[in-house]
Amino acid sequence: MERRVIAVRGTVQGVGFRPFVYGLAAKLQLGGSVRNDSGGVTIEVEGEPGQVEAFLADLTDQPPPLARIEGLRWERREPRGERDFRIRPSVVSGRGEVLISPDVATCTECLRELFDRADRRYRYPFLNCTNCGPRLTIVTGYPYDRSRTTMAGFKLCAACRAEYEDPGNRRFHAQPTACAVCGPRLGAADGQGRIVIVNDALAWFAEALRGGGIGAMKGLGGYHLVCDARNERAVRELRQRKERAEKPFAVMVRNVGAARELCEVAVKEGELLESWRRPIVLLRKGAGAAAAEQCAPGNGWLGVMLPYTPLHHLLMAEMGDRAVLVMTSGNRSDEPIATGEPEVFDRLKGIADAYLTHDRPIHVRCDDSVVRVEGGEYYPLRRSRGYAPQGVRMPVTCGEALLAVGGQLKNTFGLMAAGSGQAILSQHVGDLDHPAALRAFERDIGLYERLFGIRPRVLVHDLHPDYASTRYARRRAEAEGLKLMAVQHHHAHIAACLAEHQLHERVIGVSFDGTGCGTDGAVWGGEFLLADLRDFERAAHLRYVAMPGADAAVREPWRMALAQLMDAGVEQGVAMLAGRVGERPVRTAGQMIRRRFNAPPTSSMGRLFDAVASIVGVRDRVGFEGQAAMELEQLAEGLPAEEAYPVQLVEGDAGGGWIIDTRPLVRAIAAQLREDVDRRRIARRFHSTVAAMIGQVCVRLRAATGIEKVALSGGVFMNGVLLEETQRILRRHAMLPLTHTQVPANDGGISFGQLAIAAARIGESSCA
């Protein structure tokens with residue numbers, strides 16, 4: 001007989017791992033035990049050597065679908081003569097590397113029970129099993145047991161207890177399991193937050209939506225604002241009340257077939273819609289899309305998701321076969337999503353006409369994830385529910401525990417335990433400009449540190465001194481005596497891409513975005529770096545132009561158009577702008593540029609996209625970040641690549657690298673506008689120009705360095721037209737493009753890059 005103690009690390013709690021181990025041991029007639037501990041799962045098995053070997057093989061080769069084994073080690077022990085196998089109580093002493101499962105969409109078996117009249121959980125909105133249901137959003141501590149979730153206050157009834165303790169049952173040790181007798185229940189409230197006594201809260205809520213009302217529905221990670229997406233008046237009213245003039249709303253439909261009635265759905269997109277992660281998937285609108293235009297005004301794309309909780313499935317069934325619902329975050333513009341009562345009644349007062357509540361507390365707020373498919377690859381735009389806090393492998397380990405606080409916009413933060421090879425990235429936190437968002441950021445950092453048992457010794461922040469995340473890091477470091485490390489924004493973008501690909505080597509990094517503080521104090525954003533995880537050299541960048549009004553130029557792209565036109569000496573273009581936005585504001589902004597007053601220099605590619613969008617008449621003012629560039633991209637979609645406009649590469653000052661002079665490009669666009677060339681062709685040719693310019697610069701840098709790998713990062717590379725053409729050009733030049741498929745290319749990936757840089761700089765020397 002042989003006995004082994006096996007320590008398993010990874011995402012192995014909350015994913016049905018202990019029941020799986022129990023069943024495997026029973027099948028192989030092994031004795032022993034399994035338990036959760038503070039670092040993962042510990043197994044003891046005893047039996048014939050061949051059966052023990054088979055157990056280890058199946059454990060690693062055939063784990064549960066949601067489990068991810070990151071590490072496994074075992075030791076031999078003296079046999080004890082154990083014949084039975086059991087699940088032992090969890091052990092809380094000591095800390096190891098803990099990985100928590102994301103929330104998981106309702107599985108097929110639970111969905112069948114939900115609509116089976118003969119099943120005791122028929123129409124129960126909170127059914128789940130070991131293969132699905134809430135995880136991150138209900139966890140309050142570790143190891144993962146019911147007593148350390150928000151289900152602790154719901155005592156299992158006899159029937160649920162029997163299932164929970166039955167090794168042959170799908171709900172064996174399913175911590176959130178419940179039924180109508182012992183579990184959470186729905187409630188209803190009117191627009192004033194007053195409790196409404198009704199026989200069926202769900203039916204009452206659905207009736208309000210059918211009548212054109214706006215509802216607030218408590219979901220998995222927070223409240224959604226909901227209305228009938230086919231009702232133009234209702235959607236417009238929601239926009240006005242939510243103060244969200246143009247930013248697209250996501251919609252929910254019953255299944256992929258219903259999605260195809262609204263949008264074009266490729267095979268990969270359909271698979272993603274139906275996956276257990278259930279993100280919002282950006283889909284191209286179909287010709288006969290039945291959703292109201294106000295769902296995504298002036299936009300050729302629509303964010304679509306399928307139901308991912310039993311409550312969603314029930315609501316969609318209640319609304320009828322052709323139901324299409326707006327399902328957008330339950331907040332006012334820029335605030336974090338509301339999660340509980342009575343707070344929600346105050347925060348959404350004046351927006352919601354009806355509330356569908358429930359009494360299962362949400363411990364971790366979590367927005368929906370957003371993903372786009374391009375060329376058969378998944379590109380995350382927002383990594384949140386269904387993905388966070390799943391660990392992302394790092395190519396380096398670090399001897400110090402790290403906290404990376406991310407940037408200002410699209411914020412996420414990241415943790416890394418000392419000696420770990422995993423980055424734990426938070427769900428999407430949002431823009432930290434709003435005080436409530438900043439409070440949520442600080443609260444969630446504390447929550448993650450407790451959940452994962454990580455006490456950081458080094459705080460990693462952006463180089464920008466005025467980011468709220470930077471101020472938090474500095475304040476906390478001073479109060480707690482922690483080390484600080486500043487990381488340049490665009491280096492973090494490239495490092496995130498490198499770390500995704502498990503690379504530590506030097507690459508050509510193309511980092512294109514809207515705003516990032518440069519080492520010279522200017523606003524960077526059109527950068528070519530020679531970078532590895534430790535450091536970088538600026539090899540080329542867009543020519544600096546003024547950013548009149550500073551942050552105002554982000555909201556009003558005409559300002560960047562004016563700066564580019566004045567820089568290029570295109571007086572007719574300046575007159576055209578004055579005719580559109582007014583002579584006085586143009587004159588004032590022009591004075592800012594000439595006097596260099598409140599007009600910081602910028603090399604931003606994002607601002608160049610804004611400028612071109614305004615020059616060609618797409619948009620002079622935006623309602624949300626990136627809107628002008630998105631609409632310029634949509635103007636270019638579907639057209640073949642064009643010959644590039646001219647740009648010039650000139651040598652910069654000593655050590656400054658190449659400067660990409662875009663003045664010839666601006667003059668050429670202005671000339672084509674005077675010739676009445678179709679704006680769509682101009683937009684397409686501009687995209688081709690940027691892609692060709694990337695290829696031209698990278699070829700020069702390869703000639704000088706021999707480097708053939710090119711990391712593409714930054715929010716500009718969420719542009720599908722640009723990304724696809726850039727990859728094609730680089731491959732044609734026998735270069736290897738690296739892109740993001742695990743973390744967003746935008747600022748949602750900054751914290752991952754910060755962790756990678758800090759880990760590489762510190763190294764393993766600090767390990768105890």
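Quick notes
- Here the contact order of the chain, divided by its residue count and restricted to Cα pairs under 8 Å and six or more residues apart, works out to 12 percent.
- The GluC sites (Glu not before Pro) of segment 495-574 that DSSP puts in a loop, and whose beta carbon has at most 12 other beta carbons within 10 Å, are Glu505.
- Candidate residues Thr42, Thr11: accessible-area rank, largest first, probe 1.4 Å: Thr42, Thr11
- Extending 7 Å from Cα along the Cβ direction at Val267 and again at Asp678 yields two label points whose distance is 3.1 nm.
- Straight-line reach from Lys285: taking Cα to Cα under 16 Å and skipping same-chain neighbours fewer than 8 places apart, the aspartates and glutamates in range are Glu261, Glu264, Glu269, Glu293, Glu374, Glu631, Glu633, Glu637.
- Cβ-based charge dipole, segment 268-400, positive-most Cα from Ser275, Gly340, Pro297: Ser275
- Mean projection area, nm², convex hull over Cα of segment 317-415: 10.8
- For segment 422-523, taking the reciprocal of the average inverse distance between every pair of different Cα atoms yields a Kirkwood hydrodynamic radius of 15.4 Å.
- Fraction of the pair-distance distribution of segment 641-709 above 14 Å, Cα-Cα pairs, percent: 64
- Square roots of 5 times each gyration tensor eigenvalue, C-alpha, segment 616-756, largest first, Å: 26, 21, 15
- Per residue, the chain reaches -10000 deg cm²/dmol at 222 nm when only DSSP H runs of four or more residues are counted, each adding -39500 (n - 2.57).
- Efficiency of FRET between Ala704 and Ala486 - r from beta-carbon atoms, R0 30 angstrom, step 0.05: 0.60
- Charge context of Arg185, other residues only, Cβ under 15 angstrom, K/R +1, D/E -1: +2
- The translational diffusion coefficient of the chain, from Stokes-Einstein at 10 °C and 1.306 mPa s with a Kirkwood hydrodynamic radius over alpha carbon pairs, comes to 58 µm²/s.
- Solvent-accessible area, 1.4 Å probe, carbon plus sulfur percent, for the chain: 47
- Surface analysis of the chain yields an accessible area of 37 Å² per residue, using protein heavy atoms and a 1.4 Å probe.
- Cα-based equivalent ellipsoid of segment 510-651: semi-axis lengths in Å, sorted from largest, via gyration tensor: 25, 19, 14
- Within the straight-line cut-off of under 21 Å between alpha carbons, the lysines reachable from Lys242 are Lys218, Lys349, Lys410, sequence neighbours fewer than 8 places apart in one chain being disregarded.
- Note that segment 270-342 shows a convex hull volume over its alpha carbon atoms of 142 Å³ per residue.
- Per-peptide average of other Cβ atoms within 10 Å, ordering 747-756, 159-168 highest first: 747-756, 159-168
- Kirkwood Rh and Cα Rg combined as Rg over Rh, evaluated for segment 29-121: 1.06
- When each of the peptides 696-709, 733-746, 49-62, 445-458 is scored by the mean number of other C-beta atoms lying within 10 Å of its residues, the order from highest to lowest reads 733-746, 445-458, 696-709, 49-62.
- Cut-off 10 Å between beta-carbons: net charge of the residues surrounding Val743, Lys and Arg +1, Asp and Glu -1: 0
- Each principal axis of segment 134-176 carries a Cα extent, and these read 27, 18, 15 Å when sorted largest first.
- Peptide ranges 389-395, 73-79 listed from the most packed, as the mean C-beta count within 10 angstrom indicates: 389-395, 73-79
- Segment 188-240 has equivalent-ellipsoid semi-axes of 19, 13, 11 Å, by the square roots of 5 times the alpha carbon gyration tensor eigenvalues, sorted largest first.
The values are calculated or read from the model by the stated rules, or taken from the named source; none is laboratory data. Predicted, not measured: the structure shown is a model, and the values here were computed from it. Glycine also receives a Cβ, built like all others from the backbone with ideal geometry; neighbour counts cover every protein chain displayed. When the accessible area is computed, the model is the full protein with side chains, heavy atoms only, and any ligands, DNA or RNA have been set aside. Shrake-Rupley method; radii C 1.70, N 1.55, O 1.52, S 1.80 Å.
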